């Protein structure tokens, strides 16, 4: 096995690993607005991702590093041809990361709803676009003889690639639902299972049709191993649905993981030794040989990844082992109520402080007016009474704001 093949396998492993791990992140994000009926339940769903979602992005960064160092021509062609699609993916991921952090910065219902929908779209958009991007590599892009993309963004969209994007979305939806059955307590498992069965039914039909279209629109039929892996992914997805229906949640998650891994692996096996198929002329396709770096660079990268990959795998395994406990909705609700009571106490203390200051300002204004005569006119001239009146108005306004905040917190406490 030469260095070019090893680097191709490393990229494939890292990229598929990213989509498998990030796949349930996408799925959970898409489920979030519909599964959680209360703020506490939605927080519990988010907490299932909190310890792991950032680490999952490392796989994408590592895959990008392998592509950049090992196959710079592929990297350049992809980023020029799929620039808008990749920009949308990166923007969605950034916005989703911001949403995870900003959601709990305020207790306002509309504020939290906005960021929950941001998490939703941060799952849908990348899932759809990754599906479109991967299927385009196999079905072909308009790559000319100079190894450059000669089409537009709209050339990426056709019935097959759009259906591929849809297949990725529903496969990740099922993957996310199955993941939640392992991470949430009994209070939410039944509802999660029901949603998983609904999405799983659609996922099975869509992935079956996608597999058929793959055999029609690509040359995968000429590669028996790739064809067998794709068929196996469909069968594994069906088995995942059956395990979920029978409440065998661990088996169901293993099956969904294998199904997604094998579905994407089938496409990489179908591509090999090509990286990007040219729809203009098969001879213009980018392969692992005509787009690779020099042998020294490939050797250095292979040695580096041989050291880094085991560390990444050990860290990932340790991370999921540490955070394997189920998330308790009741415990989150209790902690949220304690936090709200503490915030309410702080706001009441602040309101009391403003009340005391307001009393002092009123006493000053009263004594100034009572002095009367020339003293009153003199102080009016210097604006002392006017200034005190403005201070009083500002204090009243701040008091109203505090009362509104307190009322909102009391409303949330009553609901919880």
Checklist entry - For the subset of the stretch 110-132 comprising residues that are touching a helix residue (DSSP H, G or I) at 6+ places or on another chain (Cβ under 8 Å) and at pLDDT below 90, which member is nearest to residue 35 (Cα to Cα)? => result 112
Item to check | Residues located in the stretch 281-319, provided they are loosely packed, with under 15 Cβ neighbours inside 10 Å and in a loop (DSSP other than H, G, I, E, B) | outcome: 281, 289, 294
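Let me confirm something: among 173, 213, which residue is in contact (Cβ under 8 Å) with a residue 60 or more places away in the chain and either in the same structural domain as residue 285 (by TED's automatic domain parsing) or touching a strand residue (DSSP E or B) at 6+ places or on another chain (Cβ under 8 Å) (or both)?
On the way: 213 fails: in contact (Cβ under 8 Å) with a residue 60 or more places away in the chain.
173 is the lone residue from the list that is in contact (Cβ under 8 Å) with a residue 60 or more places away in the chain and either in the same structural domain as residue 285 (by TED's automatic domain parsing) or touching a strand residue (DSSP E or B) at 6+ places or on another chain (Cβ under 8 Å) (or both).
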Checklist outcome for this item: The number of residues in the stretch 216-230 that are touching a helix residue (DSSP H, G or I) at 6+ places or on another chain (Cβ under 7 Å) and free of Cβ contacts under 8 Å to residues at least 60 places away in the same chain is 7
Next on the checklist: When you scan the stretch 176-183, do you find a residue that is at pLDDT below 90, buried (at least 20 other Cβ atoms within 10 Å of the Cβ), under 19 Å from the mean Cα position of the chain (by Cα) and assigned by TED's automatic domain parsing to the domain that holds residue 230, even just one?
Outcome noted: yes
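Could you please let me know if residue 214 is in a helix (DSSP H, G or I) and either at pLDDT below 90 or over 21 Å from residue 133 (Cβ atoms) (or both)? Explain how you work it out, then say what you get.
Numbers: in a helix (DSSP H, G or I): yes; either at pLDDT below 90 or over 21 Å from residue 133 (Cβ atoms) (or both): no.
It is false that residue 214 is in a helix (DSSP H, G or I) and either at pLDDT below 90 or over 21 Å from residue 133 (Cβ atoms) (or both).
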Checklist outcome for this item: Only one of (1) in a helix (DSSP H, G or I); (2) without any contact (Cβ under 8 Å) to a residue 60 or more places away in the chain does not apply to residue 112, and that is (2)
Checklist entry - Is it true that some residue in the stretch 231-247 is farther than 26 Å from residue 63 by Cα, assigned by TED's automatic domain parsing to the domain that holds residue 13, at pLDDT 90 or above and not in a helix (DSSP H, G or I)? => result yes
Next on the checklist: If residue 49 satisfies all but one of (1) part of a loop (DSSP other than H, G, I, E, B); (2) in contact (Cβ under 8 Å) with a residue 24 or more places away in the chain; (3) surrounded by fewer than 20 Cβ atoms within 10 Å (Cβ to Cβ), what's the number of the condition it fails?
Outcome noted: (3)
Checklist outcome for this item: Going through the stretch 4-40 in order, the residues found to be part of a helix (DSSP H, G or I), in contact (Cβ under 8 Å) with a residue 60 or more places away in the chain and surrounded by fewer than 19 Cβ atoms within 10 Å (Cβ to Cβ) are 5, 6, 33, 34
Checklist entry - Can you name the residue in the stretch 133-158 that is part of a helix (DSSP H, G or I) and out of contact with any helix residue (DSSP H, G or I) (no Cβ under 8 Å at 6 or more places or on another chain) and is also nearest to residue 218 (Cα to Cα) among such residues? => result 155
Checklist entry - Any residue at all in the stretch 59-76 that is assigned to a helix (DSSP H, G or I) and surrounded by fewer than 15 Cβ atoms within 10 Å (Cβ to Cβ)? => result yes
Checklist entry - If you take the residues of the stretch 242-254 that are surrounded by 16 or more Cβ atoms within 10 Å (Cβ to Cβ) and in contact (Cβ under 8 Å) with a residue 60 or more places away in the chain, which of them is nearest to residue 137 (Cα to Cα)? => result 253
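The values are calculated or read from the model by the stated rules, or taken from the named source; none is laboratory data. Keep in mind that what you see is a predicted model, and the values were worked out from it rather than measured. All Cβ positions, even for glycine, are placed from backbone atoms using ideal geometry, and neighbour counts span all protein chains on display.
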